[in-house]
Amino acid sequence: MKKDFEVIFVIFLFILIIFVFFLKKKTTPKQDFSFISINQIFNLIKGQKVIFKDNNFEFEITFLNVIRDTRCPKNFNCMKPGEAVIEIEISSGTQKNTVRLVNSKINASFDYEYKNLEEFFEFDNYKLIFLDLKPHPIKEFNNIFKTNYRAQFKIEKL
């Protein structure tokens, strides 16, 4: 009888430890953003956000999606370089802007919808610059999942 009690007690203790472990894991909030500063180069994956703070001004940048990636694959000779078009959200207080940016200084798009895009966005006295999108396509037909992209940015003061 005493051995049965000891076995039950050990099982109860084991279950209690597992319960506390999972409870602690669920209640510890995961920070899904980071803070950045002026002239800092930073990367975002889809859905990730950063908070920029300079003196008393603060805004959030969220990488929403890769809209289009027609960049020429590595080791290919293409007639035009193609472009990567991304969508981000910039918000400060109640003001929100959804913006599309392109990664090419020479936007060679033949599509009217993408013809006038810029590689930067000016917000208040700051300029958010879209520097790069990785990974770069390596095949003729791009098979990169949109969740695997990392967009690289930099914020400069105007």
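The values are calculated or read from the model by the stated rules, or taken from the named source; none is laboratory data. Keep in mind the model is a prediction, meaning the values are calculated, not measured. Cβ: placed from backbone, ideal geometry, glycine included. Neighbour counts: every protein chain shown.
Odds and ends about this structure:
- Subset of region 72-95 (residues that are modelled with pLDDT of 85 or more and surrounded by 14 or more Cβ atoms within 10 Å (Cβ to Cβ)): P73, A84, V85, I86, E87, I88, E89, I90, S91, S92
- Every residue from region 103-134 that is β-branched (V, I, T) and at pLDDT 90 or above: I129
- Residue match in region 53-69 (condition: in a loop (DSSP other than H, G, I, E, B), out of contact with any helix residue (DSSP H, G or I) (no Cβ under 7 Å at 6 or more places or on another chain) and either charged (D, E, K, R) or surrounded by 14 or more Cβ atoms within 10 Å (Cβ to Cβ) (or both)): no
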